[in-house]
Structure formats: structure tokens, C-alpha cells
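*Asks:* Here it is, the structure, as C-alpha cells.
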Amino acid sequence: MRFDIVVVGGGIAGAGIAYELSRLFSVIVVEREQQCGRHATGRSAASFTQAYGGATVRRLAGASRSFLETPPKGFAAHPLLMPRGTLTIARQEQIGRLEQAFALARVSAPSIRRIAPAEALARVPILRPEAVAAALFEPDAMDLDVHGLHGGFLAAASRQGARILCDAAVERIDHDAKGWTVQTSAGTVSAAILINAAGAWADAVARLAGVQPLGLVPKKRTAFLVPLPPDVEARTWPLVDDVGESFYFKHDAGQLFVSPADATPSEPVDVFADEIDVAIGADRLQRATTLTVRRVSRSWAGLRTFAPDGAPVVGPDPEVPDFIWLAGQGGTGIKTAPALSRACVSLMNMGRLPDDLLSAGLTAGDLLPGRLRGSPHLDKKPS
Ligand SMILES: Cc1cc2nc3c(=O)[nH]c(=O)nc-3n(C[C@H](O)[C@H](O)[C@H](O)COP(=O)(O)OP(=O)(O)OC[C@H]3O[C@@H](n4cnc5c(N)ncnc54)[C@H](O)[C@@H]3O)c2cc1C
């Protein structure tokens, strides 16, 4: 099986890049699981906001918005973004922090505004007044149809000729002048270029390929569902988070999706929710709301994988240029996937970012892996 490009990993990153590249090249995606999207991609909070993440992530989210609002004809059966809004609350002692968050958020999410505690309580009546000394509301924050986006990328890539090979764990990678030979549990694939979209396993895949790892750290985040009493109408509530990033919750099909916003460093493994993290999340929810958690209907955890500087790592490895990184998306890899996929193609093919990403204030040096190895030839932001 000889292809131009082999993509390791069939999560949102691998699916997005396969979609972009299969218009131009022969592409195969190799995925260890029976189905693509079983790891971080299938476990997210499905939230789109331009007011969360570092400056690079916020710009990437902004640059992804038009694709998510208006995907190509036939890409998805349903809208990919649904109105939700985000309400960020602060207790009395957190008001200074909320002001800082507001100043930062206004740059990337101009619709965000201060709202009075009374308005916050009217929007989400289960909130306790003492939990809301001040609040921010971002009306343009959305729910994301992760399944629609991921499935849309994969289906379109397949229509364009890409091969999606599941049950294909990459076990050995060899490199020579012709490119890569990748041995998987489903057979051997060779390709001129290898794209590393292996999520929490991206450093492990680099080691297999003889490429220096980047020091990516997977961090575990827990989520669970709490059934709502029948008299609580939560469908119109925004996602609620606290400015201290200690919990968030939102309505999810008659239940509350709750997370303690944990970020516990982990090995790259298939993680599960620990009872203690669910209990911490339930406690934080009960302190901020009048809800009593009597039952948790489902709990899970996923790995959000971070580079040392917190920004995604995209583009050719500085020492091995036919090894392409598409990793380190942290807690924001779904909402940034459209822009990251385009950035990756452009960095591979032309060594520069697409014009709209440059106009958004991004530079190649914000994303390229060389920044993590102190490479001197990366372009710098204009002063
Ligand atoms: C609880 C939680 C909430 C989140 N909320 C949001 C949110 O609201 N908005 C947002 O934008 N993002 C959110 N995220 C982050 C988002 O889910 C991730 O950034 C994104 O899914 C990463 O995608 P990925 O394709 O890089 O990784 P993954 O989805 O993990 O895909 C990597 C794939 O590589 C495969 N793989 C690894 N090694 C091999 C190998 N050797 N051979 C073959 N295949 C291999 C794995 O099986 C896996 O399928 C959240 C994450 C979590 C855990």
C-alpha cells in the first residue's frame, strides 16, 4: 500500500487533515481503534468559544468560525454550531480575576459583556446568589456538533479518495530516502510523508519514527452527566463556568454535563473517570447551585494533550521535514480543527500560513514545532 501521505490517528486532527490533503494527494489514515474518534475527540464538551485558550488558540478559533458556520454544501446534515452562550461567574474574591478575563476576552470575542448578578441568576435560576458576585456573558459561544464535524471530514475525505484504515495500530516506523514504511496491525503502508495526528500518543509515535519528542503532556479531564429534576427547564441555559476554572456545566439532552475542570498529568492511555474526581465535580456544582446530585448517570474522562507552551504544534519537524506534527491541541482541538488543518497543509506545502490566518495575527512561528527546540530560523511576530 503506497500513498503520498500516511496520517497516524483518526481523531478530529487526522480527519481534518485527511479532508484537506485528499483533494491534492493520495492519503491513508491509520487508526488503532475499531472506530475513529474513540479518544479525546469522542469525549469533549463540544463547546465553541473565542474567549477561552491562549492568544494563538483564540485566533485559530476565530479563523475556524466561518467553516463551522457555513461548511461546504453536503458536508454535514445538520448545522455544526448551535446557539448556547457562555456565562462566566465570579465570587466576591474573584472579581479582580474576572476583570482581567474580561479585558482579555474582549479582544477575541467582541460580543462578551459584563452582566449584573441578577441577570445571571435569571438566566440560570439554580445558581446560588453568593456564587455570582459578578458575571460575564458571551452570547456568541456555541455548542459544536463534534460528530457532524468529525464525520463530515471523514466522509468528504473518503469521497475524495482517502482510505481510512481502522484496527490498524502503528507498531513500527522506518525511514529512508523514499520516505516512510509504517507497519500496522492491519498491514504495511508506505508514504512519502507521515503526519503525526496521534493525540496523546504523538510523542510515542515520534519515538517510533526516530524523531525527537516535543515533551507533550496528556492531562486527564473528567466529565459526567447528572439527571435533572423534571420541573427544571435547562434547555435555554448557557454553559456556566467559573473564572477560577474549577468547574463548568451545561444542559445536555435533559441532563447536566458537568466537569470539575481537572487537568491531571497522565500517561497516554485509555483513561476512565475516577470516583474522587466525579465527587469533587458534584461538590463544586452543589456549592455553586441549589441542585442536589442524587445520581450520576454516566461518567468518563479524556486526555487533553499540551505542548510545553500550551499552543498547538503544527508543521514539519525541523530535523525531519517529511515528519509533520499536528498535535498539542489541548482542550481546544475541535473548535480549532478547520483552521489547524488548513494551517498544516499550507506549512507543509509553502512553509507559510494561509493569508486569513496571517491577517488574524498568527505567524508560522506560533505553530511550528521548531519553537519548542529553540530553532533560530522561525519567523518572528512583527514588533
Ligand atoms: C473532557 C474534555 C472536554 C473537551 N472539550 C472541548 C471543547 O469543548 N472544545 C474543543 O474544541 N475541544 C475540547 N476538548 C479537546 C479536544 O477533544 C481535543 O483537543 C481533540 O479531540 C484532539 O484531537 P486529536 O485528533 O488530536 O486526538 P484524538 O481524538 O485522541 O485522536 C488521536 C487518535 O490517534 C490514534 N492513535 C494513537 N496512537 C496510534 C497508533 N500507534 N496507531 C494508530 N493510531 C493511533 C488514537 O487511537 C486516537 O484515535 C475536550 C477534551 C476533553 C477530554
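*Asks:* Which of the residues spanning the stretch 50-73 are in a loop (DSSP other than H, G, I, E, B) and either crowded, with 23+ Cβ neighbours inside 10 Å or touching a helix residue (DSSP H, G or I) at 6+ places or on another chain (Cβ under 8 Å) (or both)?
*Replies:* Those that are in a loop (DSSP other than H, G, I, E, B) and either crowded, with 23+ Cβ neighbours inside 10 Å or touching a helix residue (DSSP H, G or I) at 6+ places or on another chain (Cβ under 8 Å) (or both): 50, 51, 52, 53, 71, 72.
*Asks:* Now for a separate question. When you scan the stretch 184-209, how many residues do you find that are of a type in the set (Gly, Ala, Ser), more than 7 Å from the ligand (Cβ to nearest atom) and open to solvent by 30 Å² or more (accessible area, probe 1.4 Å)?
*Replies:* Qualifying residue count for the region: 3.
*Asks:* I'm told residue 202 meets every condition in (1) over 17 Å from the mean Cα position of the chain (by Cα); (2) hydrophobic (A, V, I, L, M, F, W, C); (3) not in a strand (DSSP E or B) except one. Can you identify the failing condition by its number?
*Replies:* Going through (1) over 17 Å from the mean Cα position of the chain (by Cα); (2) hydrophobic (A, V, I, L, M, F, W, C); (3) not in a strand (DSSP E or B) one by one, residue 202 breaks only (1).
*Asks:* Of 214, 256, which residue is in a strand (DSSP E or B), among the aliphatic types (A, V, I, L, M), modelled with pLDDT of 95 or more and over 20 Å from residue 119 (Cα atoms)?
*Replies:* Exactly one residue qualifies, and that residue is 256.
*Asks:* In addition: Among residues belonging to the stretch 1-49 that are of a type in the set (Val, Ile, Thr), closer than 29 Å to residue 82 by Cβ and within 6 Å of the ligand (Cβ to nearest atom), point out the one that is surrounded by the fewest Cβ atoms within 10 Å (Cβ to Cβ).
*Replies:* Restricting to residues being of a type in the set (Val, Ile, Thr), closer than 29 Å to residue 82 by Cβ and within 6 Å of the ligand (Cβ to nearest atom), the top hit is 41.
*Asks:* Anything in the stretch 210-221 that is among the aliphatic types (A, V, I, L, M) and open to solvent by 40 Å² or more (accessible area, probe 1.4 Å)? List them, or say none.
*Replies:* Answer for the stretch 210-221, where residues must be among the aliphatic types (A, V, I, L, M) and open to solvent by 40 Å² or more (accessible area, probe 1.4 Å): just 217.
*Asks:* Contact list please: Cβ distance under 6 Å, first residue in the stretch 326-355 and touching a residue at least 40 places away in the same chain (Cβ under 8 Å), second residue outside any helix (DSSP H, G or I) and more than 16 Å from the ligand (Cβ to nearest atom), pairs at least six apart or on different chains.
*Replies:* 342/354; 343/353
*Asks:* Which ranges mark the strands (runs of 3 or more DSSP E) fully within the stretch 114-187 that have 1 or more residues being at pLDDT 95 or above and more than 30 Å from residue 50 (Cα to Cα)?
*Replies:* Those strands (runs of 3 or more DSSP E) span 163-165, 170-176, 179-184.
*Asks:* Only residues that are in a loop (DSSP other than H, G, I, E, B) and among the basic types (Lys, Arg): list them for the stretch 1-47, please.
*Replies:* 23, 32, 38
*Asks:* Moving on to the next point. What pairs come out if I take residues in the stretch 199-212 that are assigned by TED's automatic domain parsing to the domain that holds residue 16 and pair them with residues that are near the ligand (Cβ under 7 Å from one of its atoms) and open to solvent by 30 Å² or more (accessible area, probe 1.4 Å) whose C-beta lies under 6 Å away, six or more apart or interchain?
*Replies:* Close Cβ pairs satisfying both conditions: 199/39; 199/40.
*Asks:* Please state which of the following conditions residue 278 fails to meet, knowing it meets all the rest: (1) in contact with a Pro (Cβ under 9 Å, 6 or more places away or on another chain); (2) open to solvent by 10 Å² or more (accessible area, probe 1.4 Å); (3) within 27 Å of residue 8 (Cβ to Cβ).
*Replies:* Of everything listed in (1) in contact with a Pro (Cβ under 9 Å, 6 or more places away or on another chain); (2) open to solvent by 10 Å² or more (accessible area, probe 1.4 Å); (3) within 27 Å of residue 8 (Cβ to Cβ), residue 278 misses just condition (3).
The values are calculated or read from the model by the stated rules, or taken from the named source; none is laboratory data. These numbers come from a predicted model, not from an experiment. In this analysis, Cβ positions are derived from the backbone assuming ideal geometry, glycine residues included, and neighbour counts consider all displayed protein chains. When the accessible area is computed, the model is the full protein with side chains, heavy atoms only, and any ligands, DNA or RNA have been set aside. Shrake-Rupley method; radii C 1.70, N 1.55, O 1.52, S 1.80 Å.
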